[in-house]
Amino acid sequence: MGQVRVGRVGWFLLLTFGLSWGFDLILSRASGYEAYQALGMTPWGMLVPAFVALALNLFAFKDSPIHFRTCPRKPLWILLGFLVLTVAYGVATLVAATFPGAARMLAGLGAVLISLWTLLILFTLRPGDGEAYRRAGLPLGDVKWGQRFVLGIILFFLVQAALNLAFGLGDLQGRAEQIYGVPIPAGLYPFALLVLFIAVAVIGVPLSGLAAVFGEEYGWRGFLQGELVRLGKVRGVFLVGLVWGVWHFPVILSGVHTYPPTALGLLLGLAFFVLWGFVQSYAVLKTGSLWVAALMHGVVNSVYRFMLTYGVRPEDKVASFGLGVYGLLCLAAVVGLILRDPLWRRST
């Protein structure tokens, strides 16, 4: 327990909300939010929390362990690379929104930029450099616990889909002609569904979009959580979840999120992000790794979409399991179990 550095938290929140909300507002006013989403580009706002946190820690806060003058070289390349990626991706998105005819090419360029940053991680992250990455706040952490968290996410959504089906709250999607654009013969459909679920939904999509989910997790579970847990772990994590939920309000109000663009939708969204924030934060505290949290974030997004498209689709976004009210009650029970871990009561 200690004193929160209000100035640092204030600058982070001001810049993060200002840049991400401002960027979305400019694009939605210029081309409409649906047109913005139709660009096929990862929302730039997902990159902003880490961009702001890194810019402040690398250049503004001289006592930061990752200040550019003292940060170990290999992690520094990853962090500086993320700043370059964010700026380049933002420019590409603005150009694509201004010139829709070039949107497909620029979306491909954006995907290449994200892939290059992921490859940079793979080429620079080595087991022998563990101490350097620990000092930079980027250790791999407890891999076995990370695997358990990922399996837990998959199990949670499978159970939620089964409950929707059992209680008549959702419909089992029939055989699709294609899965992720791959034509599937009727006789091979169950086998192909399982293989592509593991290969693409659980592994491929989360890794290919690692930069976007790292953008959120480094900002919320890295920088902001590191500051607010000075109030106590439970209180700090709760506040991080609240901020994370409020940050998503424009997306919910746009009508493209899971929850309806209503006051009830905002309330449910806030509840979800607070509850799931405890799961994400618990993973960071348990494994000591932001990479685990980033992978989990990607798996949640990917597996949930997969289940909606090829598994069971709820008839009602609110009165259903999964991310609906009943699913949130199940998630609250999971959080209750998580909070029984003694690590929450250990000093930070």
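Observations on the model:
- Entirely in segment 48-143, the helices (runs of 4 or more DSSP H) that have 3 or more residues that are outside the structural domain of Thr287 (by TED's automatic domain parsing), in contact (Cβ under 8 Å) with a residue 24 or more places away in the chain and under 26 Å from Gly18 (Cα atoms): 48-55, 73-98, 103-124
- Subset tally (residues that are at pLDDT 95 or above, touching a helix residue (DSSP H, G or I) at 6+ places or on another chain (Cβ under 8 Å) and surrounded by fewer than 19 Cβ atoms within 10 Å (Cβ to Cβ)) for segment 22-59: 3
- Set Trp344, Trp247: member being aromatic (Phe, Trp, Tyr) and either closer than 26 Å to Val202 by Cα or buried (at least 20 other Cβ atoms within 10 Å of the Cβ) (or both): Trp247
- Scanning segment 246-257 for any residue that is assigned to a helix (DSSP H, G or I) and farther than 19 Å from Asp24 by Cβ turns up nothing.
- Yes/no for Phe214 being closer than 22 Å to Val300 by Cβ and at pLDDT 95 or above: yes
- Matching residues, segment 118-164, being within 19 Å of Gly327 (Cβ to Cβ) and β-branched (Val, Ile, Thr): Val150, Ile153, Ile154, Val159
- Residue check for Leu266: modelled with pLDDT of 95 or more, in contact with a Gly (Cβ under 9 Å, 6 or more places away or on another chain) and surrounded by fewer than 21 Cβ atoms within 10 Å (Cβ to Cβ): yes
- Of the residues Phe278, Phe306, Phe273, the single one that is touching a His at 6+ places or on another chain (Cβ under 7 Å) and either under 22 Å from Leu19 (Cα atoms) or touching a residue at least 60 places away in the same chain (Cβ under 8 Å) (or both) is Phe273.
- In segment 328-336 there is at least one residue matching the filter, namely being among the β-branched types (Val, Ile, Thr) and assigned to a helix (DSSP H, G or I).
- Each residue in segment 78-131 was checked for being of a type in the set (Phe, Trp, Tyr) and either buried (at least 18 other Cβ atoms within 10 Å of the Cβ) or modelled with pLDDT under 80 (or both), and 3 of them qualify.
- A single entry from Leu194, Leu239 fulfils the requirement of being in the same structural domain as Tyr282 (by TED's automatic domain parsing) and buried (at least 17 other Cβ atoms within 10 Å of the Cβ): Leu239.
The values are calculated or read from the model by the stated rules, or taken from the named source; none is laboratory data. Quick caveat, the model's predicted, so the values are computed rather than measured. Backbone-built Cβ (ideal geometry, glycine too); neighbour counts: all protein chains shown.
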